[in-house]
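The values are calculated or read from the model by the stated rules, or taken from the named source; none is laboratory data. What you are looking at is a predicted structure, and each value in this text was computed from that prediction instead of being measured. Note: ideal-geometry Cβ built from the backbone for every residue, glycine included; neighbour counts use all protein chains shown. Side chains are part of the model used for accessible areas, which takes the heavy atoms of the whole protein and leaves out ligands, DNA and RNA. Shrake-Rupley method; radii C 1.70, N 1.55, O 1.52, S 1.80 Å.
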Amino acid sequence: TPPSGGNPGIPGVIGGKVTDGNSDVGVEITSNIKWTFVKAINQDDVDITNFIVKKKSNGSLVSGNVTIDSTKKIVTFVPTSIESGVTYTAEAKAVHLLDGSGTTTAISVDVTTI
């Protein structure tokens, strides 16, 4: 059962916000995965090569779409299909900051669907 606000028919995950020592980006996980950046990022870096979700057991990529909000700080991955009871790795690679001052710090988080 997805958490409230999730997409019907798409498994959700246990948890919510993931916190670690990364000062550039946080991760929120429901039936979608959202990376929230402290500073605006370059929208040209927002694609499925920089924002990846893969099955942890075999590394197979999850198909889906990534979007960025109007503030250029929130990237959302919407999977087209995931399985319940499976552990996935959500990874955001280092991307360019919109102001040209550098790049973000990469982050990788493991999540298990319910």
(request) Report the local net charge at LYS93: Lys and Arg +1, Asp and Glu -1, summed over other residues whose C-beta lies under 11 Å from its C-beta. (result) -3
(message) Report the gain in length on full extension from GLN43 to ILE74: 0.36 nm times residue separation, minus Cα-Cα distance, nm rounded to one decimal.
(response) 10.1 nm
(message) I need the phi-derived Karplus couplings for segment 43-59: 6.51 cos²θ - 1.76 cosθ + 1.60, θ = phi - 60°, integer Hz, Gly and Pro marked x.
(response) 4, 5, 8, 8, 8, 6, 8, 9, 10, 10, 10, 9, 6, 5, 5, 9, x
(request) Would you please give the residues with an amide H less than 5 Å from that of VAL86, counting only those at least 5 places away or on a separate chain, with H modeled from the backbone geometry? (result) THR113
(message) Out of the total accessible area of segment 48-114 (probe 1.4 Å, heavy atoms of protein only), what percent is carbon and sulfur?
(response) 53
